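Following: one structure in structure tokens, then a few remarks.
None of the figures in this text is laboratory data; all of them are computed from the coordinates on show. This is a predicted model, so every value here is computed, not measured. A quick note on method: Cβ atoms are made from the backbone with ideal geometry, for glycine too, and the neighbour counts reach across all protein chains shown.
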Amino acid sequence: MKIIMLGAPGAGKGTQAKKIAEKYGIPHISTGDIFRANIKGGTELGMKAKSYMDQGQLVPDEVTIGMLLDRISQADCENGYVLDGFPRTIPQAESLTASLKERGEKMDYAIDVDVPDEAIVTRMGGRRACLGCGATYHIVFNSTKVEGICDACGQELVLRDDDKPETVQKRLTVYHDQTQPLIDYYKNEGILHTVDGTQDLNEVFKDIVNILGV
Ligand code: ADP
Ligand code: AMP
């Protein structure tokens with residue numbers, strides 16, 4: 001099963017992708033997590049990505065596409081995967097479609113987690129992220145057992161630099177300009193499904209399971 005999560009930054013793609021990955025036994029691939037791991041590790045890729053991310057801009061397609069195509073060609077992706085944060089531009093989507101086609105494959109589902117901009121700004125201020133395992137929490141809507149500590153791996157949680165209000169606004173503008181057109185792209189491919197992302201996160205997940213099947 002090959003799934004793409006679509007939606008604005010903060011819509012809940014990562015939260016739902018993690019639950020999908022657990023339930024269906026497929027890897028959760030977040031390009032944002034890959035970039036953050038590279039920044040933390042001080043790699044060349046991380047250094048390239050950091051300045052764009054800090055400004056709420058997209059990392060250039062030349063860097064992102066190759067990295068993602070390489071990741072999905074690894075052995076653990078044989079039975080599918082859930083993509084979170086990729087594609088984010090039409091050229092990224094076209095490269096993904098073309099690369100899969102070469103192997104006689106295609107994406108099965110694109111799930112758009114729909115949340116209006118007003119709700120996004122509230123969510124992002126309360127988001128706390130684990131740079132160790134990629135888990136995300138919210139101080140009100142999805143809190144940890146021990147404040148500030150990741151339930152999954154025990155590392156300290158951080159407020160991401162790019163979750164500050166001025167950067168969130170920039171990211172939303174970038175989303176509407178460059179990423180929202182993918183909704184029509186996947187509608188045309190016949191694999192688009194939309195869920196109401198303003199519901200409680202367990203309700204959102206139920207709707208997704210209804211789409212994917214048990
Ligand atoms: P994305 O991966 O789309 O950027 P996240 O999954 O990290 O978004 O979610 C953004 C923030 O909103 C996180 O703090 C998360 O805990 C919280 N969140 C996710 N889904 C919901 C929901 N349905 N209701 C309220 N808060 C949510
Ligand atoms: P995310 O964790 O998905 O919110 O992504 C955080 C940041 O990483 C984004 O604001 C971009 O700067 C960068 N990024 C993640 N995925 C992509 C992508 N597919 N294309 C370009 N930039 C990306």
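Observations on the model:
- The residue pairs whose first member lies in the stretch 129-140 and is more than 14 Å from G10 (Cβ to Cβ), whose second member is assigned to a strand (DSSP E or B) and of a type in the set (S, T, N, Q), and whose beta carbons are closer than 7 Å, counting only pairs six or more residues apart or on different chains, are G134/S30.
- Subset of the stretch 44-59 [without any contact (Cβ under 8 Å) to a residue 40 or more places away in the chain and under 25 Å from K164 (Cβ atoms)]: L45, G46, M47, K48, A49, K50, S51, Y52, V59
- Tally of residues being surrounded by 19 or more Cβ atoms within 10 Å (Cβ to Cβ) and under 15 Å from Y186 (Cβ atoms) across the stretch 110-128: 4
- Count of residues meeting criterion [surrounded by 15 or more Cβ atoms within 10 Å (Cβ to Cβ), free of Cβ contacts under 8 Å to residues at least 40 places away in the same chain and under 21 Å from A8 (Cβ atoms)] in the stretch 67-95: 2
- Qualifying residues in the stretch 11-30 (those that are in a loop (DSSP other than H, G, I, E, B) and touching a strand residue (DSSP E or B) at 6+ places or on another chain (Cβ under 7 Å)) - the one surrounded by the fewest Cβ atoms within 10 Å (Cβ to Cβ): P27
- Pairs where the first residue, in the stretch 20-43, is closer than 13 Å to M5 by Cα and the second is crowded, with 16+ Cβ neighbours inside 10 Å and among the charged types (D, E, K, R), C-beta under 7 Å, 6+ apart: H28/K18; H28/D84; I29/R71; I29/D84; S30/D84
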